[in-house]
1. Suppose we filter 334, 342 for residues that are of a type in the set (S, T, N, Q) and surrounded by fewer than 22 Cβ atoms within 10 Å (Cβ to Cβ); which single one remains?
2. All but one of (1) assigned to a loop (DSSP other than H, G, I, E, B); (2) modelled with pLDDT of 95 or more; (3) over 16 Å from the mean Cα position of the chain (by Cα) hold for residue 122, so report the exception by its number.
3. Of the residues that sit in segment 240-292 and are among the charged types (D, E, K, R), touching a residue at least 12 places away in the same chain (Cβ under 8 Å) and more than 16 Å from ligand 1 (Cβ to nearest atom), which one is nearest to residue 344 (Cα to Cα)?
4. For segment 134-147, check the following and say yes or no: at least one residue is farther than 26 Å from residue 305 by Cβ, in contact (Cβ under 8 Å) with a residue 12 or more places away in the chain and of a type outside the set (Lys, Arg).
5. Residues 65, 19: which one is out of contact with any Phe, Trp or Tyr (no Cβ under 6 Å at 6 or more places or on another chain) and within 16 Å of ligand 2 (Cβ to nearest atom)?
6. Going by the structure shown, is residue 128 away from ligand 1 (no atom under 15 Å from the Cβ), closer than 30 Å to residue 90 by Cβ, touching a residue at least 40 places away in the same chain (Cβ under 8 Å) and outside any helix (DSSP H, G or I)?
7. Identify, from the list 146, 127, 192, the residue that is away from ligand 2 (no atom under 16 Å from the Cβ), out of contact with any strand residue (DSSP E or B) (no Cβ under 9 Å at 6 or more places or on another chain) and on the phi < 0 side of the Ramachandran plot.
8. In this structure, is residue 23 surrounded by fewer than 20 Cβ atoms within 10 Å (Cβ to Cβ), of a type outside the set (Ser, Thr, Tyr) and in contact with a Lys or Arg (Cβ under 9 Å, 6 or more places away or on another chain)?
Amino acid sequence: MSSSNLIKIIQPDDWHVHLRDGEMMEAVTQYSARINGRCIVMPNLEHPVTNRELGLKYLDKIHSLTLGQLFSPLLPCYLTDNLDLDDFRLALVENIFVGAKLYPNNVTTNSSYGVSHIEKIYPTFEILQNLKKPLLIHGEKVGENIDIFDREKVFIDEELVLIREKFPDLKIILEHVSSKYGADFVNDNENIAGTLTPQHLMLTKKDVFFDEYINPHHFCMPVVKDESDLLALRKYACSGHKKFFIGTDSAPHHIDFKIPNLNAKPGIFSSPCSIELYASIFEEENSLQNLEKFSSINGPNFYNMSINKNCIELIKESWKIPEFTIYKNLKIKNFMGGKEINWKIKK
Ligand code: DOR
Ligand code: ZN
């Protein structure tokens, strides 16, 4: 339901978020739990979540930070070249792992344990396919001769096409789709959906890359691309297309890791304002009537889960996003921090 200044939608889910560990986790978890029924929590901790025991421990920590809240973390297993397959299968059967996450080696933060050659982990895809569990993919290929803006396309052409052919019944989520090419691939193929972040719907490379400088607060992987990409992604999101849904990829880093050059860690922290940003985007595209599909319906439908029972309301009221999230010794730049935004959660 929506009028010009009030939107009531089924409670959203965030199908891709980084809650981290330790103090950072204490600082950021509340921002995801404040609105979402469920979150897919990424397993790329400094010591990644690669087995059942680590999975149980990590879920316990999240539960203890969200006691009394209607909030369910869903955890995919971090795939490596040499997982214990029996342990992996058991953790999937027990629903400790919701599925698995493929990080190709060294494509982003904490991916140095990621997969070196995808054929090596075909046995894990076999297990996922048999158990009808999804494979979540960071779809980029890195290489000396691969331009940073082409990584998603090269991954699709050289890896994803093969995975799709070899495991036709495997349910795949192409995460944080960043290009028209990637979104069209999702649209054109079976058994695959895509998550879309606020930053890929709001920024282009002109907001990140300058002559001798990058804006570290707009630097994420995959990098944001051209206006034609942004427009294509907006079209898929705002039409309510059933294959696209929220995955904020909210990825906090302490400000010291955000030094303005290419050594800055990739990742944008948006969870203090993500649903509000999506609402503004849908409003700009005259598509507020489709926000609920994108935020609350397409995701559970693709994951074969129930749709949340509660609702949330957003009112049209201007507020300023705080510039930073500060907690104990941590200081994190909020995405769009310091900017005015038109939509606010109604308490
Ligand atoms: O920008 C990103 N940051 N992309 C990712 O895939 C990982 C994330 C992080 O963990 O910081
Ligand atoms: Zn991520």
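1. 342
2. (1)
3. That would be 276.
4. Within segment 134-147, one or more residues are farther than 26 Å from residue 305 by Cβ, in contact (Cβ under 8 Å) with a residue 12 or more places away in the chain and of a type outside the set (Lys, Arg).
5. 19
6. It is false that residue 128 is away from ligand 1 (no atom under 15 Å from the Cβ), closer than 30 Å to residue 90 by Cβ, touching a residue at least 40 places away in the same chain (Cβ under 8 Å) and outside any helix (DSSP H, G or I).
7. 146
8. Against the criterion (surrounded by fewer than 20 Cβ atoms within 10 Å (Cβ to Cβ), of a type outside the set (Ser, Thr, Tyr) and in contact with a Lys or Arg (Cβ under 9 Å, 6 or more places away or on another chain)), residue 23 qualifies.
The values are calculated or read from the model by the stated rules, or taken from the named source; none is laboratory data. Computed from a prediction, not measured in an experiment: that's the story for all the values here. Positions of Cβ are generated from backbone atoms using ideal geometry, with glycine treated the same way; all protein chains shown enter the neighbour counts.
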